[in-house]
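Contents: one structure, followed by commentary.
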Amino acid sequence: MNKFKLIIFLACLVIFYVCQSHFDLNQEGAKESQSIAAGHKAGQDSTQQINPTYKELPESQKTETGESKAESELVSPTNEKTVYLTFDDGPTAATTDILNTLNQFNAKATFFMLEPSMTELPEVVDKIVKEGHAVGLHGVTHNQNKFYKSEQSALEEMNAAQQTLQSITGIKSSLIRTPYGSVPYLTESYREVLAGNGFKLWDWNVDSSDWSLSSDEYVGTVIKQIEDLVNAGVAPIILMHDKANTANHLSMLLTYLSEHGFHTKKIEENLQPYNFNCYQRCHRLSTK
Ligand SMILES: [Zn+2]
C-alpha cells in the first residue's frame, strides 16, 4: 500500500512539473504579446506627436488636417478662392451665349436685369434661373435723370422690375443694382427708402469696362484687378454686361479663374451686400 502511495506521489510530482513548465511558457508568450501591444501603442503615440492636434479636432475639420490636407493640396495647388461674376443690363441677344459659356465651365453668376428687357425676352430670364444663376433687378429706364429723380422714382422702378421678374419666374428677388452704381446719386435718403422696402443694394469692386473696351481687352483689365483684391484678401465682385463682345471672350476669363483656383458663386439673398462708400461724394441729381 505504501508503495502504491509513493507511485501516486511521484506521478503527482511529474504532472506538477509538466504543468509548471507549461505555465511558464504561457507566461513568456503573454509577456511577448504585451510587448507587441506596447510597441503598437508606442507607434500610435509617435503618430500623435507628429500631429498632436488631430484627435482634438471635431469630425468636420478632420479633412483639413494631416494626410487628407496633403492629398487635397496635390489636387489643388492653391486654396479655393471665391469670385462673384455679375452681368448688368440684360437679358439681351448675347445672354444665351454667356449662359452657354458659364455652363461649359460649371460657373455661376448673378444677372441684374432691366424690366423692359425681361418683358421682351422672358424665355431667357427663365433659362437663367433654370441653369442655377441668381437674378436681381436693375430698374426700368436706366436713365439717371428718371431713376434718381426722387426716392419714390427709384423705388417704383425697382418694384416694377421685381414684379415682372416674379411674374416670369415666380422668384421675388430683393437683390438690386442701381444704374451706374450707387455713387454719386444714391444719397442716404434713397438708401433708406430702398432698404426700408426690403431691397439689398449691390455695387462691385472690379469694373471690367467691357462696355468701352474692344476685343478681349476687358479680360486683362479684370485679371489685374482680381490679383490686387486677392492680395488684399477681398473676394472680387466683377461688373460685366450682357454684350456680344463680353460673351465672345468670357471663356478666356473663366479659363484664368479655373486655372488659378477660383470658385464662382452667385450672390445669395442672405449675403451682406457690398456697397460703394459715399464718403462726401454722394449728392442729389441736379434738377434740370
Ligand atoms: Zn446698367
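The values are calculated or read from the model by the stated rules, or taken from the named source; none is laboratory data. Computed from a predicted structure; not experimentally measured. Glycine gets a Cβ as well: all are built from the backbone with ideal geometry, and neighbour counts include every protein chain shown.
I'm checking my understanding of the structure. Among residues of the range 77-107 that are within 18 Å of His138 (Cα to Cα) and in a loop (DSSP other than H, G, I, E, B), which one is farthest from the ligand (Cβ to nearest atom)?
Ala93
Residue-by-condition table, conditions (1) of a type in the set (D, E, K, R); (2) touching a Lys or Arg at 6+ places or on another chain (Cβ under 9 Å); (3) assigned by TED's automatic domain parsing to the domain that holds Phe87:
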| residue | (1), (2), (3) |
| --- | --- |
| Lys224 | yes, no, yes |
| Ala235 | no, yes, yes |
| His241 | no, no, yes |
| Leu250 | no, no, yes |
| Leu254 | no, no, yes |
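What's the number of the condition Asn270 fails, among (1) assigned by TED's automatic domain parsing to the domain that holds Ala109; (2) without any contact (Cβ under 8 Å) to a residue 12 or more places away in the chain; (3) away from the ligand (no atom under 16 Å from the Cβ)?
(1)
So which of Ser174, Ser212 ends up being in the same structural domain as Leu114 (by TED's automatic domain parsing) and either touching an Asp or Glu at 6+ places or on another chain (Cβ under 7 Å) or under 16 Å from Cys278 (Cα atoms) (or both)?
Values: Ser212 fails: either touching an Asp or Glu at 6+ places or on another chain (Cβ under 7 Å) or under 16 Å from Cys278 (Cα atoms) (or both).
Going through Ser174, Ser212 in turn, just one is in the same structural domain as Leu114 (by TED's automatic domain parsing) and either touching an Asp or Glu at 6+ places or on another chain (Cβ under 7 Å) or under 16 Å from Cys278 (Cα atoms) (or both): Ser174.
Only one of these conditions is not met by Ser212: (1) in a helix (DSSP H, G or I); (2) within 16 Å of the ligand (Cβ to nearest atom). Which number is it?
Looking at each condition in turn, Ser212 falls short on (1).
Go through (1) closer than 17 Å to Tyr84 by Cβ; (2) assigned to a loop (DSSP other than H, G, I, E, B) for Ile223 and report which single condition fails.
It fails just one condition, (2).
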